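Below: one structure, written as C-alpha cells.
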Amino acid sequence: MDCTDGLFENTPFSLKDFYLNFYFRAVHRAVNRLTIPDYNASTAVDVRQELDLRIGAAFTRFQTLRLRRVFPQALSDQLISYGSCQFPTLGFVVERFREVDQFVSEPFWRIVVTVSRDEKTTEFQWQRGRLFDQDCCRAYYEHLHQNRYGQIVEVIKRPKTKWRPTALDTVELEKLASRKLHMGARYAMQLAERLYNKGFISYPRTETKIFPPDLDLKSLVRVQINDSRWSDFASRILEHGPNPKNGKSSDKAHPPIHPLKVGDSLQGDEARLYELVTRHFLACLSADAEGAETIVRLCIGKPTLPRTFNSSLSTANLLTSEDGELFESKGLMILALNYLEVYIYDRWAEKDMPVFQLGEWILPDNIQILTGQTCPPPLLTEADLISLMDRHGIGTDATHAEHIETIKQRLYVGLEQNKFLVPGQLGMGLVEGYDSMGFEMSKPNLRSEFEADLKFQSSRGNIQCRVASQMHISIYCAVSLVLR
C-alpha cells in the first residue's frame, strides 16, 4: 500500500504498515511496526479532495462553456479544465516564458590575460568580472598594456570535494530521468511502477531521503555483485562498509528508492531507468570524489616595474589590489574518483595548471578585451518545473508528473526542441485573462497557503480543517462572482 502524502490515513480505518515491499525482510519489518492511522490527517485528505473537486468542477465548467461560446470553431470540442495545482503549474511555464520573451540583451566587456609555460597556456580571469561600459573597460586595458609586468601575489592549494548524491526520492528520480535520460516525468514513473511490480526496485513513490537503520544495506549491495557492470564497485563498498549519504526529509512511510535484485535481463527504457536507480544507490553508499585545487592570483598594472625582468621571486613586498588589477586562474587534479567510478551521470574534469611561485614576476603573452552578450534564463524543462512545484508546495511527489501531463494534454503548454516547455495560445490566454482582472490564479501562493492552513488546522482537530476549507472556498466564490 502507498502510505505517502497522508493518503493512506484516508483508507478504511485499519492498522497501517510501514515499508511494504515485495521481499521478506520488508514485510517482516512492516508487520512489526503496525500503527493506528492519524484521524486528523485523514480528515485533511477529505477536505483537500472536496475542495479540489468543488473548485475544479465549477471553474472547469465555467471556462469550458464560456470559451466555447466565444470561440465556437476553435474550442468546440475542447475541455478547458481548471485545477488548483494544475493552474499554478501552467503559471510557472508562462512566467519563465515571459522572462525570456521580455529579456533585453546587453553587451559587456571583460579582460583576459594569458601566460604560456611548459607548453601550456594558462588563462587568468579578471576579478572585476565584466563591465557594461566599453570606454571604462578600454581605459583599464590601456593601463594594463602600458604596465604589462605582473607578480604572482597568491598561490592557494586546498582540497576539493565533489559530493556524492543523497538517497533517492520520487522528486529526484523524476528530475534525474528528465535531465539524464531525457524521459518525461510521467513516463519515468510508469516505468518505475513496472519495475516495482516486477520486484526490481523498491516502492518508487516516496518523500524519504533517509535510509532506516534497520534496512540491511549490505544485503542489497551484495546482490549487485552479480552484475558485471558494477560488480567490482559493489565489492569495494562491502569491503569498507556502506556509508549512506542521507538527506533531511522523511515521510516515515517508504525508504529511499533502491534496487532489490539484479536487472541484467531488462531491456529498453526499463533497463535505463533501473541502471539509473542502481548507480545512484551505489554512489550514495560510497565516498565523495576527492581532488586538489590550485588557485593562482596575478596582479598586473603597477607602474613601478622591477629594474631587470628575470622572473625573480620577491615575497617580501607583494603587490596588492591597490597596486594593480587582480586576475585569477584555477587548476584541478582529481585524486580519487570514488563515487564517480559508478555514477556516469556526473562529470568532473581535471584542469592542468603549470607551477607558479609566490612573488614571481610574470610578463604575460597576451592581454585582450573580450566582448559578450547577456543571455536570458533558459526556458523551463520538466525537471526545472518539478523543482519549482516541489519548492512551492504545488502537488506532491505522486502528482507532479500528472499535473504536467494534464497541461500538455489540454494544449496549455507544448515542447520546444523536445525539451523546453512553452505556453500555447490557450494556456497563455487563460493566464493573461485572469491576470488582467487582478486575480493571481496562476501564482503558487493560493495553493501553498491552503496547504499550510490545512496542515496547521489539522493539528488542532478535524473541525478546524473545515474552517480552512470554507475560508478558501470563499476566496474562489469571490473570483467566480466577478467572472460572471
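Observations
- Residue among Phe108, Phe62, Phe97 that alone is in contact with a Gly (Cβ under 8 Å, 6 or more places away or on another chain) and among the aromatic types (Phe, Trp, Tyr): Phe108
- Residues satisfying the stated conditions in region 73-114, i.e. among the charged types (D, E, K, R) and out of contact with any Asp or Glu (no Cβ under 9 Å at 6 or more places or on another chain): Asp77, Glu95, Arg98, Glu99, Asp101, Glu106, Arg110
- Odd one out for Leu215, checked against (1) in contact (Cβ under 8 Å) with a residue 12 or more places away in the chain; (2) under 27 Å from Pro37 (Cβ atoms); (3) within 24 Å of the chain's Cα centre (by Cα): (3)
- Residue check for Arg128: closer than 30 Å to Glu402 by Cα and either part of a strand (DSSP E or B) or basic (Lys, Arg) (or both): no
- Of all the criteria given as (1) polar (S, T, N, Q); (2) crowded, with 17+ Cβ neighbours inside 10 Å; (3) modelled with pLDDT under 95, the one not satisfied by Ser329 is (3).
- Filter pass, Gly414 being touching a helix residue (DSSP H, G or I) at 6+ places or on another chain (Cβ under 8 Å) and free of Cβ contacts under 8 Å to residues at least 24 places away in the same chain: yes
- Any hit, region 165-181, residues being assigned to a loop (DSSP other than H, G, I, E, B) and without any contact (Cβ under 8 Å) to a residue 40 or more places away in the chain: no
- The set of residues in region 66-111 being out of contact with any Ser or Thr (no Cβ under 6 Å at 6 or more places or on another chain) and among the polar types (S, T, N, Q) consists of Gln73, Ser76, Gln78, Ser84, Thr89, Gln102.
The values are calculated or read from the model by the stated rules, or taken from the named source; none is laboratory data. Quick caveat, the model's predicted, so the values are computed rather than measured. FYI the Cβ positions are ideal-geometry reconstructions off the backbone, even for glycines, and counts take in every protein chain you see.
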